[in-house]
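Participant: Pasting a structure below so you can have a look.
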Amino acid sequence: MQYKTQLREAEDNWEKNLETKISHLETENSVLKAKINQLENEAKEMKDEAKKMKDEAKQMRDEEKRMKDDLQRKSDQKENDDQKSRDEIQSLRTRIQQLELSDLTRQQDTIKQNQKNEKIEENMKHLIHKTEVLENHSRRDNLRIIGLPEDHDKRKILDIILQEIIQENCPDILEQEGKVEIERIHRSPPVLNPQLTTPRNVIAKFKNYQTKENILQAVKKKSFRHHRTTVRITQILAESILKDRKAWNMIFQKSRELGLQPRINYPAKLTISLEGKVWSFNKIEEFQKFVKKRPEQNRKFDVPAQNSREPSKGN
């Protein structure tokens, strides 16, 4: 009986222990399930994280590829731009060389043209001078009579009137046979302008140059008249010579006031008497240099200072 009781107690204890163990196992199983769920969740999270990282890695690879492509494109564009710049620089250099060559050619052409122009100018000056010489030579035997009334030559021809003027004012000039040889004589202009109140000038060309010079010398000594009418007789010169002579006016007048006996010789040369000598000057500059070396005369003429050589001397 006691054995049964012990056996029953043992069975009860075993059952309790078994239940306890089962309870522990169930608890452990629950814990394991919870851990498994946790691990599964963690595995899922890790899987999701891995997928996310994989996606990010793909995005990074795509971004890297895009950046490489963009960098390559920019590099290619830069190379193209650099090549274009090099081509433009080369083109500019070529253009500059062409312009420099063209400019050099223009300069050479300009130099040649200037030389040609200078040659033409020299030829023109030579031709003008030659023309003036020929013009003056053609006029060297001519005289101009100013103030002779028009009605005088209505009664007599001009040739006879001129003979009368010479006879009346300088009879000693008359040549053999009592007559001055005249090549031609006429009024200038040839046509009378009724609106003019002054008579036209008379131009006379003498056959003998010395006769003309003798008349000019006589005119300087006295006023010429014809039948109580005063007439002026002057030499006919080219405009250029008249201009050169006119340039001496102020110096000529001052020289006359100072008693230097000034004269204007052909074509436009000034002569003065000073210090017992006759000095001649072809240009005003020569006269200015001359008086500069003589302070007393320089003050009288008020000539600006210039350096010069001594002008020519004559007797």
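The values are calculated or read from the model by the stated rules, or taken from the named source; none is laboratory data. Fair warning: this is a prediction, and the values are worked out from it, not measured in the lab. Note that we place each Cβ from the backbone using ideal geometry, even for glycine, and neighbour counts take in every protein chain shown.
Participant: Identify the residue in the range 259-290 that is surrounded by 14 or more Cβ atoms within 10 Å (Cβ to Cβ) and in a loop (DSSP other than H, G, I, E, B) and, among all such residues, is modelled with the lowest pLDDT.
Facilitator: Pro267
Participant: Then there is this: At least 3 residues that are at pLDDT below 90, β-branched (Val, Ile, Thr) and outside the structural domain of Lys156 (by TED's automatic domain parsing) in each: list the strands (runs of 3 or more DSSP E) lying fully within the range 181-255 that qualify.
Facilitator: Passing ranges: none, list empty.
Participant: Does Leu148 meet the test of being assigned to a loop (DSSP other than H, G, I, E, B) and either modelled with pLDDT under 85 or under 20 Å from Val231 (Cα atoms) (or both)?
Facilitator: It is true that Leu148 is assigned to a loop (DSSP other than H, G, I, E, B) and either modelled with pLDDT under 85 or under 20 Å from Val231 (Cα atoms) (or both).
Participant: Just the residues that are of a type outside the set (Phe, Trp, Tyr) and surrounded by 18 or more Cβ atoms within 10 Å (Cβ to Cβ), please, taken from the range 220-234.
Facilitator: If the condition is that a residue be of a type outside the set (Phe, Trp, Tyr) and surrounded by 18 or more Cβ atoms within 10 Å (Cβ to Cβ), then His226, Val231, Ile233 are the ones that fit.
Participant: Among the residues of the range 18-38, is any free of Cβ contacts under 8 Å to residues at least 40 places away in the same chain and under 60 Å from the mean Cα position of the chain (by Cα)?
Facilitator: no
Participant: Can you find even one residue in the range 101-122 that is out of contact with any Cys (no Cβ under 7 Å at 6 or more places or on another chain), of a type outside the set (Ser, Thr, Tyr) and closer than 25 Å to Tyr266 by Cα?
Facilitator: Checked against the condition, which is being out of contact with any Cys (no Cβ under 7 Å at 6 or more places or on another chain), of a type outside the set (Ser, Thr, Tyr) and closer than 25 Å to Tyr266 by Cα, the range 101-122 yields at least one hit.
Participant: I've got another one for you. Select, from Asp153, Asp141, the only residue that is touching a strand residue (DSSP E or B) at 6+ places or on another chain (Cβ under 6 Å), modelled with pLDDT under 90, among the charged types (D, E, K, R) and buried (at least 17 other Cβ atoms within 10 Å of the Cβ).
Facilitator: The match here is Asp141.
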